[in-house]
Amino acid sequence: MFEFMACSLLTLVPDYLFRRYYQGKRIGVEITLFSMWYELRYGITACLILTISVITTVFYFHPATSNVTSAFRTVTILPTIPGRVVEVYVENNQEVEAGDPLFKIDDTRQRAAVNAAVSRVSELEATLSVGQSQLRAAEGALSQAESVLTDVQEEFDLRNTLLQEGSPAVSEREVETLANQVAEAQGAFDAARANRDAVRAEMTTLIPAQIVTANANLVQAQADLDDMIVYAGTEGTIEQFALQEGDYVSSLLRPAGILVPPVEQGRRFQAGFDQISAQVIEPGMIGEITCNTLPFVIVPMVVTDVQDVIAAGQFRPTDTLIDIQRRDRASNLTVFMEPLYEGQIERIPPGSRCAGNVYTSNHERIHNDETLSGLHRTALHAIDATGVIHAAMLRLDAIRLPIFTLVLSGGH
């Protein structure tokens with residue numbers, strides 16, 4: 001409307017003045033509803049072309065959007081192990097610090113696991129003490145078997161020597177009997193040594209390893225027991241927290257609530273512009289926003305970053321090929337903006353819905369680029385000047401919003 005009214009002053013009005021005062025044609029006589037097109041065809045045509053050109057210029061070089069917001073982070077309150085709530089320590093909308101307990105889950109099973117792990121460690125330590133006695137007994141049996149083997153071996157060597165020398169004091173039968181006794185003593189000695197080695201290996205390797213495993217299981221059981229109390233991972237405000245004793249919470253079925261950390265200072269606003277603005281919007285451009293939560297106020301902004309990808313192109317590997325025709329929804333170009341001056345967005349709650357503009361400025365180019373022609377400089381001046389139209393429209397929206405929301409929307 002503003003563009004049409006401004007363009008009509010340059011095209012339609014001069015055409016009418018020419019018809020009225022040069023040709024003497026009057027409205028209602030020569031210029032009627034039926035003859036208007038014929039009489040004012042040049043002005044109407046020029047007005048439409050100029051209006052379309054101005055609107056295209058304004059919307060291209062000074063993009064506008066109604067999708068501006070300041071995103072904030074939330075932390076879902078979830079237990080590590082699902083279970084039934086037995087105690088609740090906080091209330092909804094309560095501010096908490098990092099490490100504050102939030103609620104406790106029934107820990108009967110975890111406490112039993114801790115007790116079982118403690119008992120297992122004690123049992124293995126007792127086994128280790130008993131094993132020391134078993135090791136001494138095995139070493140004693142080995143010494144006894146070694147003594148028996150030594151005695152029998154000496155007796156066999158003596159009798160065998162006498163037999164080899166032809167002494168009548170020893171018979172061959174006696175030597176064979178002693179040889180069998182040596183073999184029997186040797187077997188007993190080997191068995192005693194193997195038993196000693198087995199007991200020693202159990203005492204020095206097996207049982208200590210079992211104790212390490214049992215201690216690890218105890219640590220795991222204690223960690224599971226500690227997880228039965230859910231703590232705040234960061235400071236913030238508890239929201240949507242309606243947990244009561246007896247409720248069942250799970251990471252799959254039901255979270256306990258949401259923790260909203262405090263909003264950092266100097267937060268950024270995210271704006272979604274049409275993709276056609278991708279070649280115009282650049283970091284450093286000046287913009288403005290007005291928010292529903294802060295009516296009648298225009299906040300100057302500066303573009304700090306432009307997302308280099310568009311959300312519509314993202315994909316996640318699945319077992320189905322992507323059909324590009326089904327991805328026909330055109331996503332916006334995401335632009336990040338920050339307030340130009342400090343303290344201007346303190347009264348704007350995060351998540352507010354806002355509208356905003358960004359403005360193309362060719363001031364430095366006009367004054368620094370000496371290769372520009374006069375016509376080119378004039379065109380750049382005209383492009384910069386058309387930004388006033390969007391600035392005026394944004395201010396009218398800031399004035400219109402409270403009236404339309406509170407009076408004309410029909411929602412009250």
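Before moving on, here are some points about what is shown:
- Summed over the range 331-383, the residues that are surrounded by fewer than 16 Cβ atoms within 10 Å (Cβ to Cβ), among the hydrophobic types (A, V, I, L, M, F, W, C) and in contact with a helix residue (DSSP H, G or I) (Cβ under 6 Å, 6 or more places away or on another chain) give a count of 1.
- If the condition is being surrounded by 13 or more Cβ atoms within 10 Å (Cβ to Cβ) and outside any loop (DSSP other than H, G, I, E, B), then the range 96-108 contributes V96, P101, L102, F103, K104, I105.
- All positions within the range 259-294 that are more than 18 Å from T65 (Cβ to Cβ), open to solvent by 10 Å² or more (accessible area, probe 1.4 Å) and not small (G, A, S): V260, P261, P262, V263, E264, Q265, R267
- Taken over the range 43-75, the residue count meeting the criterion of being in a loop (DSSP other than H, G, I, E, B) and either within 25 Å of E264 (Cα to Cα) or of a type in the set (K, R) (or both) is 5.
- For the range 1-42, residues that are in a helix (DSSP H, G or I), of a type in the set (D, E, K, R), open to solvent by 40 Å² or more (accessible area, probe 1.4 Å) and in contact with a helix residue (DSSP H, G or I) (Cβ under 8 Å, 6 or more places away or on another chain) total 0.
- Just one of the listed residues (E346, E370) is without any contact (Cβ under 8 Å) to a residue 12 or more places away in the chain and farther than 30 Å from T69 by Cβ, namely E370.
- Qualifying positions in the range 46-95 - among the small types (G, A, S) and surrounded by 17 or more Cβ atoms within 10 Å (Cβ to Cβ): A46, A64, S70, G83
- Residues of the range 334-358 classified as among the hydroxyl-bearing types (S, T, Y) and under 24 Å from A311 (Cα atoms), total: 2
- Subset of the range 76-95 [assigned to a loop (DSSP other than H, G, I, E, B), hydrophobic (A, V, I, L, M, F, W, C) and farther than 30 Å from T213 by Cα]: V90
- Looking across the range 119-149, just one residue is surrounded by 16 or more Cβ atoms within 10 Å (Cβ to Cβ) and either among the hydroxyl-bearing types (S, T, Y) or within 30 Å of E245 (Cβ to Cβ) (or both), and that is T127.
- Filtered residues of the range 230-242 (kept if open to solvent by 50 Å² or more (accessible area, probe 1.4 Å) and either within 20 Å of K104 (Cβ to Cβ) or assigned to a loop (DSSP other than H, G, I, E, B) (or both)): Y231, G233, E235, Q240, A242
- Filter result (open to solvent by 10 Å² or more (accessible area, probe 1.4 Å) and either in contact with a Pro (Cβ under 9 Å, 6 or more places away or on another chain) or among the hydroxyl-bearing types (S, T, Y) (or both)) within the range 212-229: T213, D227, I229
- Positions within the range 212-234 being in contact with a Leu (Cβ under 9 Å, 6 or more places away or on another chain) and not polar (S, T, N, Q), in sequence order: A214, I229, V230, Y231, A232, G233
- Single residue of the range 167-190 satisfying the filter (small (G, A, S) and open to solvent by less than 60 Å² (accessible area, probe 1.4 Å)) that is modelled with the lowest pLDDT: S167
- For the range 70-91, the condition holds for at least one residue, the condition being that it is within 30 Å of N332 (Cβ to Cβ), in contact (Cβ under 8 Å) with a residue 60 or more places away in the chain and small (G, A, S).
- A398 vs. criteria of a type in the set (A, V, I, L, M), open to solvent by less than 90 Å² (accessible area, probe 1.4 Å), assigned to a helix (DSSP H, G or I) and closer than 27 Å to E264 by Cβ: yes
- Of residues in the range 214-271 being over 19 Å from N92 (Cβ atoms) and of a type in the set (S, T, N, Q), the one nearest to the chain's Cα centre (by Cα): S251
Listed here are the residues, each with its yes/no results for (1) under 30 Å from C7 (Cβ atoms); (2) among the charged types (D, E, K, R).
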residue	(1), (2)
T51	yes, no
V58	yes, no
S70	no, no
R73	no, yes
V88	no, no
A98	no, no
K104	no, yes
Q110	no, no
A126	no, no
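The values are calculated or read from the model by the stated rules, or taken from the named source; none is laboratory data. Not measured: the values here are computed from a predicted model. Heads up, the Cβs are rebuilt from the backbone with ideal geometry, glycines too, and the neighbour counts pull from every protein chain shown. What goes into the accessible areas is simple: the full protein's heavy atoms, side chains included, and nothing from ligands, DNA or RNA. Shrake-Rupley method; radii C 1.70, N 1.55, O 1.52, S 1.80 Å.
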